[in-house]
Amino acid sequence: MKIKTGLTAFILLISLFAFGQKNDEAKIEALIKKMTLEEKVGQMAQITLDVIGKGDNIYSSYEPLKLDPEAMKKALVKYHIGSVLNTANNRALTPEKWHDIISEIQKVAMKDTRLRIPVIYGVDEIHGATYTVGATMFPQQIAQGASRNRELVKQGAQITAYETRASSIPWNFSPVLDLGMDPRFSRMWESFGEDPYLVTELGVQMIDGYEGDNNDVGNPEHIASSLKHFLGYHAAISGKDRTPSYIPEDVLREYHLPSFKAAVEAGAHTIMVNSGIINGVPVHANYELLTKLLKEELGFKGLVVTDWADIENLHRRDRVAATNKDAVMMAINAGIDMSMIPYQYEPFCNDLIALVKEGKVSMDRIDDAVRRVLRVKYALNLFEKPTTNYKDYPKFGSEEFEKAAYTMASEAITLLKNDENVLPLGKNTKVLVAGPNANSMRTLNGAWTYSWQGEKTPEYTEQYNTILEAIQGKVGKENVSYASGVSYKMDGKYYEDQVDDIDAAVEAAKSADVVILCLGENTYTEKPGDLNDLYISENQTELANKLAEVGKPVILVLNEGRPRVISRFEREMDAVVQTYLPGNFGGDALADILFGDVNPSGKLPYTYPRYPNATISYIHKPSEEQKKAEGVYNYEADYNPQFSFGYGLSYTTFEYSGLKADKSSFKKGEAVKISVTVKNTGKVAGKEVIHLFSSDLYASHITPDVKRLRGFEKIMLEPGQSKTVDFTLTSEDLSYFGKGGEKITEAGDFEIMVADKKIKISLVE
Ligand code: BGC
């Protein structure tokens with residue numbers, strides 16, 4: 001109890017430090033006192049840029065984009081709208097254009113309105129400044145999870161913050177702190193992977209990178225982050241976006257909450273709500289989650305924004321509100337502070353004003369919401385400096401930044417199979433490069449790249465290398481032939497592919513030494529990425545099988561947002577390399593790995609399933625590992641993934657020894673130090689990720705997980721070199737949540753596992 005009180009006080013102190021600013025609080029209160037109800041409601045409203053762009057309707061704008069003074073006057077002056085998001089026409093803008101657009105908006109907000117409150121502009125800059133031409137595109141979060149490199153994650157976020165501010169944008173709808181636990185889900189790749197500890201560790205790094213170590217987001221090189229999507233977003237039963245999930249309290253707290261809790265403690269300024277439905281209740285209407293858990297229990301002082309159109313969705317989609325007005329009442333009373341409307345803002349504003357007048361939403365609730373909005377605006381220093389200027393950001397798109405994106409890609413790419421050390425290839429190997437992902441900048445980047453679904457990427461990426469171009473650069477064009485075999489359709493559903501000419505690819509394979517076969521997926525996110533079959537497409541499977549029949553070694557390069565099942569042909573492949581969505585420098589990084597200039601060090605951030613009906617995460621229960629019984633019955637469906645979480649090969653070998661704990665038993669509240677020595681026993685230098693897992697042998701309240709990740713470190717070792725790595729485990733690290741959501745730290749035996757080594761420790765009363 002004492003500890004809990006101390007901790008809460010500590011968290012409160014941190015969050016006050018993060019937000020600040022006693023001074024600001026006084027200013028905020030003074031401002032709220034002056035505001036009319038209409039002005040307050042406007043602060044709680046967010047519209048998308050097209051609404052104020054010149055054009056025939058609110059859904060798109062004329063090109064080139066120009067702001068519409070009349071539409072701006074109506075939205076910003078008459079309705080007092082306090083926030084704008086997104087780009088217009090789903091298209092990237094130059095830093096100059098962003099500066100002009102946002103300056104114009106701020107001019108209206110700060111000159112033509114009574115109280116001169118700046119607008120807060122937000123954009124999804126999820127792997128670099130998504131909607132800015134010339135920005136540095138990093139590997140997507142799933143690849144960053146594979147890098148297991150905390151420093152690189154932070155550095156990438158710092159660069160994204162810089163380039164986002166260079167685009168005059170102060171607020172980023174990132175990071176995704178959801179658990180990427182379901183390979184069917186269209187947004188798995190937007191997460192750091194399936195493990196709560198991994199997501200928590202890297203999430204905090206990303207927030208520190210965006211906001212600065214002290215969350216001083218007023219610094220014009222920092223931005224406000226938005227944790228998303230609170231809470232349990234990827235847990236949909238159907239595996240499809242924005243469909244229902246059923247999550248018991250212990251599961252919510254054990255797996256989904258830790259990353260958000262840590263992020264709130266790290267001082268993140270804003271949070272976005274899960275667009276889905278948990279236990280029958282849309283999260284946007286869930287008072288227990290938004291107010292009780294987030295604002296009261298976690299002590300979150302920042303701004304809670306909806307996801308796209310999600311108040312309207314309570315009425316239109318989920319039908320828990322008979323009218324839009326009821327939907328507004330439910331959401332605001334549940335704890336929403338800002339509505340991402342994003343188009344028709346009049347109903348939200350009018351309904352909310354009426355609800356307050358009718359006493360159905362209290363003025364206290366409105367003031368609380370406005371206070372949270374203004375807090376972020378003050379913290380961002382928008383009152384003093386409503387825009388930044390691209391001219392002050394000379395490092396935008398610089399070589400230094402590009403190198404960081406390249407390095408992240410080179411540490412993320414994961415070698416999953418390397419039969420007879422077919423890799424690395426010699427530099428005079430004659431290769432055939434094949435497959436629909438071989439010559440595509442679009443697929444290297446994934447969605448949220450220059451456009452929502454990533455379809456506009458080719459317009460902006462001429463200067464970067466596809467996989468094919470990078471390989472040509474490495475071994476010379478004369479050594480490389482290319483035959484796509486299969487390609488993605490440009491019309492119809494863009495995730496579908498079509499056969500180009502498989503025979504031509506087979507012919508070309510005959511005169512090559514090695515085939516580099518680049519398969520995977522086209523780009524997608526959200527609903528357009530919903531999937532009916534987790535197997536990689538039939539066309540690609542046919543291409544793989546036919547190329548394998550030629551008899552030349554086949555290197556399978558995967559370029560995909562989620563692990564598409566490859567078991568129908570994986571045995572025929574000599575090597576498998578997972579690139580995930582490695583960004584604009586992914587082609588270069590891959591070529592360096594294939595030809596031995598870089599030793600791969602990525603580790604899978606998820607479990608790669610062998611079959612579509614066996615998508616079990618590495619975090620699972622003992623009953624999911626019942627070993628095969630002898631006899632006539634079929635017990636073949638054991639837990640047996642294609643590749644395990646944490647798997648990843650190197651061109652060198654590592655040997656683990658001396659795994660030990662500084663004490664074999666320890667008490668609650670104490671910590672134990674675990675150490676292990678790792679030696680590079682191969683011929684080349686390499687980086688190794690040391691994963692520490694624990695296994696609770698018996699847990700009396702809930703069947704324990706078979707094993708859980710409790711620590712990881714990435715180290716560099718020269719040939720022959722060894723290092724000892726230490727981890728500290730507290731009794732709390734070994735605790736779990738009970739059925740009612742209570743934390744249980746229980747005496748008992750635990751196994752600690754590092755690579756192939758195991759020791760036992762005991763937690764005693
Ligand atoms: C997505 C969010 C995103 C928002 C704003 C929504 O459709 O679910 O992740 O931040 O749009 O673009």
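Would you be able to say whether some residue in segment 179-188 is among the hydrophobic types (A, V, I, L, M, F, W, C), in contact with a Lys or Arg (Cβ under 6 Å, 6 or more places away or on another chain) and within 16 Å of the ligand (Cβ to nearest atom)? Yes, because at least one residue in segment 179-188 is among the hydrophobic types (A, V, I, L, M, F, W, C), in contact with a Lys or Arg (Cβ under 6 Å, 6 or more places away or on another chain) and within 16 Å of the ligand (Cβ to nearest atom).
Within segment 561-592, being part of a helix (DSSP H, G or I), out of contact with any strand residue (DSSP E or B) (no Cβ under 7 Å at 6 or more places or on another chain) and open to solvent by less than 10 Å² (accessible area, probe 1.4 Å) holds for 586, 587, 589, 591.
Of the residues in segment 612-627, at least one is touching a strand residue (DSSP E or B) at 6+ places or on another chain (Cβ under 8 Å), more than 30 Å from residue 682 (Cα to Cα) and open to solvent by 10 Å² or more (accessible area, probe 1.4 Å).
Screening the candidates 274, 286 for the property of being touching a strand residue (DSSP E or B) at 6+ places or on another chain (Cβ under 8 Å) and within 11 Å of the ligand (Cβ to nearest atom) yields one hit, 274. If I filter segment 709-722 for residues that are over 30 Å from the mean Cα position of the chain (by Cα), open to solvent by less than 60 Å² (accessible area, probe 1.4 Å) and closer than 28 Å to residue 621 by Cα, do I get at least one hit? No; the residues of segment 709-722 include none that is over 30 Å from the mean Cα position of the chain (by Cα), open to solvent by less than 60 Å² (accessible area, probe 1.4 Å) and closer than 28 Å to residue 621 by Cα.
Has segment 44-57 got any residue that is surrounded by fewer than 19 Cβ atoms within 10 Å (Cβ to Cβ) and not basic (Lys, Arg)? Within segment 44-57, one or more residues are surrounded by fewer than 19 Cβ atoms within 10 Å (Cβ to Cβ) and not basic (Lys, Arg). Restricting segment 233-245 to residues that are assigned to a loop (DSSP other than H, G, I, E, B) and within 14 Å of the ligand (Cβ to nearest atom), the residue that is most open to solvent (accessible area, probe 1.4 Å) is 240. Residue check: is residue 703 hydroxyl-bearing (Ser, Thr, Tyr), part of a loop (DSSP other than H, G, I, E, B) and farther than 23 Å from residue 410 by Cβ? Judged against the criteria, residue 703 is a match. For segment 162-190, give me the residue count where each residue is within 28 Å of residue 527 (Cα to Cα), in contact with a helix residue (DSSP H, G or I) (Cβ under 8 Å, 6 or more places away or on another chain) and assigned to a helix (DSSP H, G or I). Looking only at that region, the number is 3.
Going through 694, 657 one at a time, which residue ends up being open to solvent by 20 Å² or more (accessible area, probe 1.4 Å), in a strand (DSSP E or B) and of a type in the set (Gly, Ala, Ser)?
657
The residues of segment 723-765 that are open to solvent by 50 Å² or more (accessible area, probe 1.4 Å) and at positive phi amount to a single one, 755.
Screening the candidates 238, 259, 245, 275 for the property of being of a type in the set (S, T, N, Q) and closer than 24 Å to residue 159 by Cβ yields one hit, 259. Among helices (runs of 4 or more DSSP H) entirely within segment 302-382, having at least 3 residues that are open to solvent by 40 Å² or more (accessible area, probe 1.4 Å) and within 20 Å of residue 227 (Cα to Cα) singles out no element at all.
Output yes when any residue across segment 159-174 is at pLDDT 95 or above, surrounded by fewer than 23 Cβ atoms within 10 Å (Cβ to Cβ) and charged (D, E, K, R), and no when none is. So far as segment 159-174 goes, no, none of its residues is at pLDDT 95 or above, surrounded by fewer than 23 Cβ atoms within 10 Å (Cβ to Cβ) and charged (D, E, K, R).
Pairs are defined by a Cβ separation below 8 Å, a sequence spacing of at least 6 or placement on different chains, a first member in segment 314-336 that is at pLDDT 95 or above, and a second member that is of a type in the set (S, T, N, Q) and part of a loop (DSSP other than H, G, I, E, B); the pairs so defined are 315/323; 331/306; 334/286; 336/306.
Annotation note: of 663, 679, 683, the sole residue that is in a strand (DSSP E or B), in the same structural domain as residue 758 (by TED's automatic domain parsing) and not acidic (Asp, Glu) is 679. Given the conditions (1) open to solvent by less than 10 Å² (accessible area, probe 1.4 Å); (2) over 30 Å from residue 308 (Cβ atoms), and given that residue 450 satisfies all but one, which numbered condition is not satisfied? Failed condition: (2). Within segment 191-232, being more than 16 Å from the ligand (Cβ to nearest atom), outside any helix (DSSP H, G or I) and within 30 Å of residue 616 (Cβ to Cβ) holds for 193, 194, 195. Just one of the numbered conditions (1) in contact with a strand residue (DSSP E or B) (Cβ under 7 Å, 6 or more places away or on another chain); (2) free of Cβ contacts under 8 Å to residues at least 12 places away in the same chain is not true of residue 504: (2).
The values are calculated or read from the model by the stated rules, or taken from the named source; none is laboratory data. Predicted, not measured: the structure shown is a model, and the values here were computed from it. A quick note on method: Cβ atoms are made from the backbone with ideal geometry, for glycine too, and the neighbour counts reach across all protein chains shown. Side chains are part of the model used for accessible areas, which takes the heavy atoms of the whole protein and leaves out ligands, DNA and RNA. Shrake-Rupley method; radii C 1.70, N 1.55, O 1.52, S 1.80 Å.
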